[in-house]
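The values are calculated or read from the model by the stated rules, or taken from the named source; none is laboratory data. No experiment lies behind these values; they were computed from the predicted model shown. When we count neighbours, we look across all protein chains shown, and the Cβ atoms used for this are built from the backbone with ideal geometry, even at glycine.
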Amino acid sequence: MTIFRDLTDSRELVDSFTRPASTLLPVSRLRDDPQGDDDRWASVAELGWLGIGLPEDAGGVGLTLLEEVLAAQTFGRHLLSTNFLATVLAAHAFAGLGRNDLATGLVSGVTRATLGWQVRNGSSLATVDAGSCDYLLVLSPAGLDIYERPDVVIHDDVHWGWPVALAAAAPPAWTVCDPELVVRGQLLIAAMLAGIAGEACDRGVEYAKVREQFGQPIGAFQAVKHHCANMAIAAHAVRELVTFAALSVVEGTPDAPRLARAALNLALRAAGGNAGTNIQVHGGMGFSDECDAHLFLKTARVLDAAAGGIDAVRRGMLHTT
C-alpha cells in the first residue's frame, strides 16, 4: 500500500521543536564531559523531548510516532544519550499498562531508563550510560523487559559509551508483550541510526573539503569522492525509509511491521558504514580521541547491540508479515 503525504508541516514542527539541540548538545561535549548528559537531562525533559509521542494525560506532548521519529533523527545527529530511547519506550510501556504516574515521572525527567541487551547466551545483561538510571529496558522481538534498579547491579562510575556487564539479580519487574511497542522501538533506534549516518556523512564531506594533501583538498581525489558519494546515498536512503516506515505505522498500513524491520536493517548498515567511512576520510586523526569521528561509530555499535544485532534483525525480517 502506497502512502502519499506532504510532510512539510511535520518536518517544520519538529525542526522548530528540536532547534535547541544544536546549542544544548554539541558533540564535542562528549569529549569535555565523558559522564554523558546527566547535567543536561533536566533541560531535555523541560523541552518536552521525552514525551513527543506520548498522550497528554501521561505528561506527553500528544504528537504522533512520525514526529517522534523525525525528532530522534535529529537527536542521533547530536549523539543524545541512548537513555533517550530507553526513557521514551519505558514511558510508552507504562502508559500502556495504565501507570501514568510512572510514565509522567520519566517524561518529566524525575526518573530515567537505560538501554540494555542480553550477553553471554542470555545469562547476563550489558548496558551503557547507566549511572543515574532507575530502570533498565531490554527490547526483544516479543516485547520489552523492564528491570528496576535495585534488581540489577549498575556500576555508577561507567563512562559514556562504554558497555558494562551487569548481573540480573531478579526477573524483570515488568514484561510488556506489545507488538506495536516493539515496532516503535525498532523505528526509534533506526531513526537515531539514520541521524548518525547523516551526520557522519556531513562531517566526512566537510573534512574532505578542507584537508589538503599534495597541494589540493583530499575531496578532489576520486577515491575520496566515491567514499563521500556512497555515504550520501546511504544517508538519504535510510532517512527516507525510516520516515516512510513511521508514516506507514501512523496510517495503519498492513505492511508497517515489515517496513519497520527493513528500516532498522538498513539503518544498522548505513550508520555503521558511514561512521566507519568518516573515520577513514579523516585518516589517522579519525582514530584519535581528539577527533569526534569515533563517537559516531561507538554509538552505532551500541544501538546495534540494543537492537539484538544486525544478523538477528535480518533473520527477523523473514518472519515479519
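Condition first: more than 26 Å from VAL250 (Cβ to Cβ), part of a helix (DSSP H, G or I) and at pLDDT 90 or above. Now tell me which residues in the stretch 4-30 satisfy that.
In the first step, residues of the stretch 4-30 are kept if they are more than 26 Å from VAL250 (Cβ to Cβ); the result is 22-30.
Filter once more, keeping what is part of a helix (DSSP H, G or I): 22-24, 29-30.
Of everything in the stretch 4-30, those that are more than 26 Å from VAL250 (Cβ to Cβ), part of a helix (DSSP H, G or I) and at pLDDT 90 or above turn out to be SER22, THR23, LEU24.
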Candidate set from the stretch 273-292 (those that are among the aliphatic types (A, V, I, L, M) and closer than 18 Å to PRO217 by Cβ); member that is surrounded by the fewest Cβ atoms within 10 Å (Cβ to Cβ): MET285
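Restricting attention to the stretch 145-170, and to residues there that are under 30 Å from VAL249 (Cβ atoms) and at pLDDT 85 or above, which single residue is farthest from the chain's Cα centre (by Cα)? Write out each step before concluding.
Taking the stretch 145-170 and keeping what is under 30 Å from VAL249 (Cβ atoms), we get 145-148, 161, 163.
Restricting the remaining residues to those that are at pLDDT 85 or above gives 145-148.
On the way: ASP145: 18, ILE146: 18, TYR147: 20, GLU148: 22 Å.
Result: GLU148.
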When residues of the stretch 170-208 are limited to those that are β-branched (Val, Ile, Thr) and not in a helix (DSSP H, G or I), the one surrounded by the fewest Cβ atoms within 10 Å (Cβ to Cβ): THR175
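Which of the following residues is closer than 20 Å to ILE310 by Cα and either modelled with pLDDT of 95 or more or of a type in the set (Lys, Arg) (or both): ALA91, ALA86? Before you say what the answer is, go through the steps one by one.
On the way: ALA91 fails: closer than 20 Å to ILE310 by Cα.
Exactly one residue qualifies, and that residue is ALA86.
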Residue count, the stretch 32-46 (criterion: loosely packed, with under 15 Cβ neighbours inside 10 Å and touching a helix residue (DSSP H, G or I) at 6+ places or on another chain (Cβ under 8 Å)): 2
Selection status of THR277, under 17 Å from the mean Cα position of the chain (by Cα), of a type in the set (Ser, Thr, Tyr) and assigned to a helix (DSSP H, G or I): no
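Go through the stretch 52-142 and tell me which helices (runs of 4 or more DSSP H), entirely inside it, have 2 or more residues that are surrounded by fewer than 20 Cβ atoms within 10 Å (Cβ to Cβ) and more than 13 Å from the chain's Cα centre (by Cα).
Because the criterion is at least 2 residues that are surrounded by fewer than 20 Cβ atoms within 10 Å (Cβ to Cβ) and more than 13 Å from the chain's Cα centre (by Cα), the helices (runs of 4 or more DSSP H) in the stretch 52-142 that meet it are 100-107.
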Every pair of residues 6+ apart whose Cβ atoms lie under 7 Å, when the first sits in the stretch 270-294 and is closer than 20 Å to GLN73 by Cβ while the second is assigned to a loop (DSSP other than H, G, I, E, B): ASP292/VAL27; ASP292/SER28; ALA293/HIS282
Hey, VAL224 over 26 Å from GLN280 (Cα atoms) and of a type outside the set (S, T, N, Q) or not: no
Criterion (closer than 24 Å to LEU30 by Cβ and in contact with a strand residue (DSSP E or B) (Cβ under 8 Å, 6 or more places away or on another chain)) met by exactly one of ALA307, ALA235, ALA275: ALA307
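Yes/no matrix, rows are residues, columns are (1) in contact with a Leu (Cβ under 7 Å, 6 or more places away or on another chain); (2) of a type in the set (Val, Ile, Thr); (3) at pLDDT 90 or above:
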site: GLY195; (1), (2), (3): no, no, yes
site: GLY204; (1), (2), (3): no, no, yes
site: GLN216; (1), (2), (3): no, no, no
site: ARG261; (1), (2), (3): no, no, yes
site: LEU268; (1), (2), (3): yes, no, yes
site: ALA300; (1), (2), (3): yes, no, yes
Test: residue in the stretch 250-257 that is assigned to a helix (DSSP H, G or I), among the β-branched types (Val, Ile, Thr), buried (at least 20 other Cβ atoms within 10 Å of the Cβ) and touching a residue at least 40 places away in the same chain (Cβ under 8 Å): no
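Scan the stretch 172-214 for residues that are of a type in the set (Lys, Arg) and in contact with a strand residue (DSSP E or B) (Cβ under 7 Å, 6 or more places away or on another chain) and jot them down. Talk me through it step by step, then tell me what you get.
The initial filter retains those residues of the stretch 172-214 that are of a type in the set (Lys, Arg), namely 184, 203, 209, 211.
Selection gives LYS209, ARG211.
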